[in-house]
Amino acid sequence: MTRRFGRRWALRGVSLTVASGEIVGLEGHNGSGKSTLLRIAATALRPTSGSVVIAGTPVQEDPDRARAQVGLLSFQPGLYDDLTARENLVFASRMLDLASPDINAVLERVGLLAEADERVRTFSSGMQRRLSLGRLLLQSPRILLLDEPYNSFDRQGVQLVNEIVLTVRDAGGCALIVLHDRHVAGGILDRAVRLRQGLTDPAPSGEGLEARIVEDVAGATV
Amino acid sequence: MAVGTMDLTTDVAASARGRTNWLGVAGILALAAAQLFVVVTSPPDRDMGHLQKIMYVHVPAAWNAFLAYFVVAIASLRYLWKGRQTDDLLAASAAEVGALLTGLTLALGMIWGRPTWGVWWTWDPRLTSTAVLFFIFIAYLLLRAFVDDPERRAQWSAVVGLLGALNVPIVYMSVRWWRTLHQIQSSPSTVDPAYAWGLRANAIAVLVMLIFCIRHRYESARLERGADDLVDRAALAAGRGREVTDG
Amino acid sequence: MSWASDVRRMRAIAWKDLTAERRSRAVLNAVTFLGVLILMLFGFALGPDRDALRDAAAGALWLAILFSGILAFNRSYQVELDGGALESLLLYPGSRWSIFAGKLLANLAFVFLVELIVIPVAMVLFQVQFPEGWAWASQLAVLVLGTVGFVILGTFYAAMSSRSRSREVLLPLLLFPMMIPVLLGAVESSTSLLRGDPMREAGAWMGMLTAFDIIFLTAALVTFEYVIEV
């Protein structure tokens, strides 16, 4: 898979497969194309060449079905500053067409129940990320795509992220996490892949490698 | 959407350019011939004298400007439907040539109007509609200038081109009706049969020139795009090669 | 089933835009004041002769609406671009036209609110009497038809201009040539109605405005996905 922005190639040659039950880390320096790869996997971007297959469905055929399975935690919070935390979640639940979402439970889970009716504009970046995680919880996707979720997050925040990831994994899903350094993840990664200037380069794997391929999640070839 | 492949084999490109050049020569000859025909055969208009001869360029230019916009509309529609880069380049080329023709039409209309009516502009319905068309062309071209990403630029201009096309007949009708309600000046008659042949000959000559200009611009654009693609592909391959050798 | 959920999404987006605007309220106030200011400038430029002002009233009003209302459109997308919310918005499964329709509804409410202030001010500044009998209903119909056309195209083009360079100048350049039929139709029928519609032309102009609105609403809904996704 490749992707360019105007004249610049962000991804030159990427081939990646994540199986169900796997938690994969994506490492690389700034500008190596990690975020781009994640956003392509999330269907937020289209590749210049190559394809993405999510849970057996090629994304190009049925993007909505792919989107229903995938949850993206982007580097930018993607929230509305002038709305309260609660209103942001209410909006998300309406856009997700959820029948009767338990907003309070989600707010409590991410530790924002006390600030539920404050405007997001007043939140710190850590609080905003918690709210984005709350939105992910509402969606409860099978596949998690997280872009640098641990960045400047306190220990409780890191724990929250890992709990969410493990919950998804235990339910049969999988996760692809972009990070600077795999040690930040606190040992939950099954393996790590390194991206260098837009090319994959399997880094020596950390813990033991689980290769239980029940569902192809994201596969791409150039 | 994958990068479109450009047909750059030298003999195909060369023969296409060759055909286009013949078209250009034919167009200039036809235009010269038609103008000569008009100068020799058509009588001076009883009101306007030889100034009337401007009509023989002004009106064909106007017709062909609208034709150019028609090309923009069709190419835009085809781009949205099929997604081929060539349709986008065709639309852009037609827009550039059309903008020039529209500008020429307006300038000639004003040059004709000054001695005839004493003023540079009278809100004549056809000229006014042509002015609106000019702004629609310019808006299209400026949008293209302000968007850098090629795919976004192509898709956005196709949509803008289409919507503009939908509006052209509405604008024409509205302006004409507006002027009939506030009747002051009548527009020059161009349906007098004495002028018909001269107009037709010139219209066809300008049409040939239009096709030549659009094709020429289109081929230049294709070559540019092909060159850009080669550079990009080289950058892609070089990056990969470098990674392998570094180990 | 999916049509109903698209309508729900549309309502959710309209609710979201209006709630956010109600909180800050900064833009609504600024736009309204700008509209009034533009009317004053027209008054200075065209008046103070009573008859001249009355003849120019509809034209000045519509130009004031166009120049001030246009500020609402880029702002409607700015709120999505600031925190990267647009990407999240596009990741919810569902049709794209519902995004356009939701923003359209919110912008319509916004512009109608601005007009609620600007129109009475115009009537005062330009010496226009309140229409007698039922004529005000026709004037209202013209206002609605014209505003709808303006907001449809403004919301549509702003989806592009807000994400380009020189957005402040690009939106007027794209939008205003397209607005000429609306401007002609609205001003002509309003002016004629103020004089009692001697030539029975208002109805025909209103028909043209209705056709314009239907044509461009359809075109916008159909082509919006090409604009927002790339």
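Since every read-out is calculated from the coordinates, none of them should be taken as a lab result. Note that this is a predicted model, so its numbers are computed, not measured. Backbone-built Cβ (ideal geometry, glycine too); neighbour counts: all protein chains shown.
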Please give me the summed charge of the neighbours of residue A:61: other residues whose Cβ is under 14 Å from its Cβ, Lys and Arg +1, Asp and Glu -1. +1
Note on chain C: helices (DSSP H) long enough, at least 18 Å by alpha carbon along their axis, and hydrophobic enough, mean Kyte-Doolittle at least 0.5, are C:26-46, C:97-125, C:135-161, C:167-194, C:202-228
Between C:83, A:186, B:122, whose Cα lies farthest towards the positive end of the dipole of the protein assembly as shown when Lys and Arg beta carbons carry +1 and Asp and Glu beta carbons carry -1, centred on the Cα centre? B:122
With +1 on each Lys and Arg Cβ and -1 on each Asp and Glu Cβ, how big is the dipole of chain C about its Cα centre, in debye rounded to the nearest 20? 560 debye
Charge-dipole axis of the protein assembly as shown as Lys and Arg at +1 and Asp and Glu at -1 on Cβ define it, positive-most pick from A:77, B:20, A:125: B:20
With the Cα gyration tensor of chain C in hand, convert its eigenvalues to equivalent ellipsoid semi-axes via √(5λ) and list them largest first in whole Å. 33, 19, 15
For A:53, A:18, order by how many other beta-carbon atoms lie within 10 Å, fewest first: A:53, A:18
To one decimal place, what orientation-averaged projected area in nm² is obtained for the convex hull of the Cα set of the protein assembly as shown? 36.3 nm²
Using alpha carbon positions and the Kirkwood radius, the Rg to Rh ratio of region A:1-148 is 1.00
Explain nothing, just compute: Karplus ³J(HN,Hα) = 6.51 cos²θ - 1.76 cosθ + 1.60, θ = phi - 60°, for every residue of region A:45-52 in order, whole Hz, x for Gly and Pro. 10, 9, x, 5, 8, x, 8, 10
At a 10 Å Cβ-Cβ cut-off, how would you order C:2, C:162, A:100, fewest neighbours first? A:100, C:2, C:162
Ranking of C:192, B:76, A:125, C:24 by count of other Cβ atoms within 10 Å, fewest first: A:125, C:24, C:192, B:76
Computed over chain A, the relative contact order (Cα-Cα under 8 Å, seq sep at least six) in percent reads 39 percent
Distance in Å, no decimals, from the C-alpha centre of region A:143-164 to the one of region A:24-85 is 17 Å
To the nearest 20 debye, what charge dipole does the protein assembly as shown have about its Cα centre, counting +1 at the Cβ of each Lys and Arg and -1 at the Cβ of each Asp and Glu? 940 debye
Do you know the relative contact order of chain C, to the nearest whole percent, from alpha carbon pairs under 8 angstrom that are 6+ apart? 26 percent
Would you work out which of C:52, C:174, C:203 lies farthest towards the positive end of the dipole of chain C, given +1 charges on the beta-carbon of Lys and Arg and -1 on that of Asp and Glu, about the Cα centre? C:174
What shape does region C:70-172 take by its C-alpha gyration tensor, where a ≥ b ≥ c are the square roots of the eigenvalues and a/c under 1.5 counts as rounded, a/b above b/c as prolate, and the rest as oblate? prolate
14 Å beta-carbon shell around residue C:132, net charge (K/R +1, D/E -1): 0
Cβ-based net charge around residue B:175, under 14 Å, with every Lys or Arg adding one and every Asp or Glu removing one: +1
With the contact rule set at Cα under 8 Å and sequence spacing of 6 or more, what percent relative contact order holds for region A:1-65? 31 percent
Express as a percent, rounded to the nearest 5, the fraction of DSSP beta bridges in the protein assembly as shown (both residues included) that run antiparallel. 40 percent
